[in-house]
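Peer 1: One structure coming up, written as structure tokens, with questions to follow.
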């Protein structure tokens, strides 16, 4: 079985305080950072279930480059490098790059992509961080999120954590038209071994803000077989909708510029 994208949420801490954060980091106490042992357990189990992943994403509900053991986690992922096409790291571009991480960027420059969001909060620092990462030789994917020409037109508001009481046909429309369905074939992600289709589902359930529905995630560490877990991934991918669709504005990937908002306004 093949997945287009799988994300490890290694931290829910962040050094920014963004309004309309899609992870709702400013409003909630962070969970403990993912340990190296936890990361290895998740990745090794995942590759017993999934044959190959296009993009293995090390990210955070917050900023992954503040994780004190990021280098060790990168090393863990590279033990499985024949099973994924690229490793993507995400950063807000104002976070210092530690020497051991930089060395790994250079070592694995043909396998790693760094996605850099520029918010214009500290332009001088952003410029230095961009230049430093580019000097490692890795591919950089830069998204500009300030001024009048923001990437994707800016962010969207995913709404409050309340049920819209949508009818099944409306929920199907939300799921079908979501960019995560249309363009990603699932933004599969986990922090604790429970792999969700999207961030709204994963974040909402871990915070207890939407009902916990085991039908909406694959628990890598439950007692079911690897075959059963593969079947669960397929089942979710072929769903008409998931619980989170009723707790979301449905604006992910909208082309309506009127629904776009300036990114990363600091609270």
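The values are calculated or read from the model by the stated rules, or taken from the named source; none is laboratory data. Since the structure is predicted, the reported quantities are computational estimates derived from the model, not experimental observations. So basically every Cβ, Gly included, is an ideal-geometry build from the backbone, and we count neighbours across all protein chains shown.
Peer 1: Working only within the range 24-51, note down all residues that are exposed (fewer than 13 other Cβ atoms within 10 Å of the Cβ) and under 25 Å from residue 2 (Cα atoms). If you could, list the steps in order and put the result at the bottom.
Peer 2: So in the range 24-51, the residues exposed (fewer than 13 other Cβ atoms within 10 Å of the Cβ) come out as 27, 29, 32, 37, 48, 51.
Selection gives 37, 48, 51.
Peer 1: Also: So in the range 176-223, with the set limited to residues that are on the phi > 0 side of the Ramachandran plot and touching a helix residue (DSSP H, G or I) at 6+ places or on another chain (Cβ under 9 Å), which one is modelled with the highest pLDDT? Can you show your working first?
Peer 2: Residues of the range 176-223 on the phi > 0 side of the Ramachandran plot: 185-186, 193, 208.
Okay, now just the ones that are also touching a helix residue (DSSP H, G or I) at 6+ places or on another chain (Cβ under 9 Å), so 185-186, 193.
Values: 185: 93, 186: 95, 193: 98.
Ranking the qualifying residues of the range 176-223, first place goes to 193.
Peer 1: Moving on to the next point. Of the conditions (1) surrounded by fewer than 17 Cβ atoms within 10 Å (Cβ to Cβ); (2) under 17 Å from residue 1 (Cα atoms); (3) under 18 Å from the mean Cα position of the chain (by Cα), residue 179 satisfies every one except a single condition; which number is it?
Peer 2: (2)
Peer 1: Can you tell me which of 202, 150 is over 15 Å from the mean Cα position of the chain (by Cα) and crowded, with 17+ Cβ neighbours inside 10 Å? Reasoning before the result, please.
Peer 2: Values: 202 fails: over 15 Å from the mean Cα position of the chain (by Cα).
When all the criteria are applied, what remains is 150.
Peer 1: Right, next: How about the range 50-101: which of its residues are within 26 Å of residue 219 (Cβ to Cβ), in a loop (DSSP other than H, G, I, E, B) and in contact with a helix residue (DSSP H, G or I) (Cβ under 6 Å, 6 or more places away or on another chain)?
Peer 2: Once the filter is applied, which keeps residues that are within 26 Å of residue 219 (Cβ to Cβ), in a loop (DSSP other than H, G, I, E, B) and in contact with a helix residue (DSSP H, G or I) (Cβ under 6 Å, 6 or more places away or on another chain), the range 50-101 yields 69, 80.
Peer 1: Which of (1) touching a helix residue (DSSP H, G or I) at 6+ places or on another chain (Cβ under 6 Å); (2) within 26 Å of residue 250 (Cα to Cα) is the odd one out, the single condition residue 39 does not satisfy?
Peer 2: Going through (1) touching a helix residue (DSSP H, G or I) at 6+ places or on another chain (Cβ under 6 Å); (2) within 26 Å of residue 250 (Cα to Cα) one by one, residue 39 breaks only (2).
Peer 1: Right, next: Give the range 224-262 a look and list any residue that's farther than 24 Å from residue 163 by Cβ and in contact with a helix residue (DSSP H, G or I) (Cβ under 8 Å, 6 or more places away or on another chain), or say none.
Peer 2: Once the filter is applied, which keeps residues that are farther than 24 Å from residue 163 by Cβ and in contact with a helix residue (DSSP H, G or I) (Cβ under 8 Å, 6 or more places away or on another chain), the range 224-262 yields 224, 226, 229, 230, 233, 257, 260.
Peer 1: On to the next question. Which members of the range 47-71 meet the condition of being within 16 Å of the chain's Cα centre (by Cα) and at pLDDT 95 or above?
Peer 2: Kept after step one, since they are within 16 Å of the chain's Cα centre (by Cα), are these residues of the range 47-71: 53-67, 70.
Of everything in the range 47-71, those that are within 16 Å of the chain's Cα centre (by Cα) and at pLDDT 95 or above turn out to be 53, 54, 55, 56, 57, 58, 63, 64, 65, 66, 67, 70.
Peer 1: Do we find a residue being free of Cβ contacts under 8 Å to residues at least 24 places away in the same chain and surrounded by fewer than 19 Cβ atoms within 10 Å (Cβ to Cβ) anywhere in the range 86-101?
Peer 2: Let us first name the residues in the range 86-101 that are free of Cβ contacts under 8 Å to residues at least 24 places away in the same chain, namely 99.
Pick out the ones that are also surrounded by fewer than 19 Cβ atoms within 10 Å (Cβ to Cβ) and you get 99.
Checking the range 86-101: at least one residue is free of Cβ contacts under 8 Å to residues at least 24 places away in the same chain and surrounded by fewer than 19 Cβ atoms within 10 Å (Cβ to Cβ).
Peer 1: Select from the range 104-115 the residues that are over 19 Å from the mean Cα position of the chain (by Cα) and touching a residue at least 12 places away in the same chain (Cβ under 8 Å) and write down the one among them that is farthest from residue 47 (Cα to Cα). Explain how you work it out, then say what you get.
Peer 2: First, pick out the residues of the range 104-115 that are over 19 Å from the mean Cα position of the chain (by Cα): 104-110.
Retained after the next criterion (residues that are touching a residue at least 12 places away in the same chain (Cβ under 8 Å)): 104-106, 108-109.
Details: 104: 22, 105: 23, 106: 25, 108: 20, 109: 23 Å.
Looking at the filtered set, the residue picked out is 106.
Peer 1: A further question follows. What are the residues in the range 116-139 that are touching a residue at least 24 places away in the same chain (Cβ under 8 Å) and surrounded by fewer than 17 Cβ atoms within 10 Å (Cβ to Cβ), if any? Can you show your working first?
Peer 2: At the first step, the residues of the range 116-139 found to be touching a residue at least 24 places away in the same chain (Cβ under 8 Å) are 116-122, 125-126, 129-130, 132-133, 136-139.
120, 122, 125, 132, 137, 139 - these are the residues of the range 116-139 that are touching a residue at least 24 places away in the same chain (Cβ under 8 Å) and surrounded by fewer than 17 Cβ atoms within 10 Å (Cβ to Cβ).
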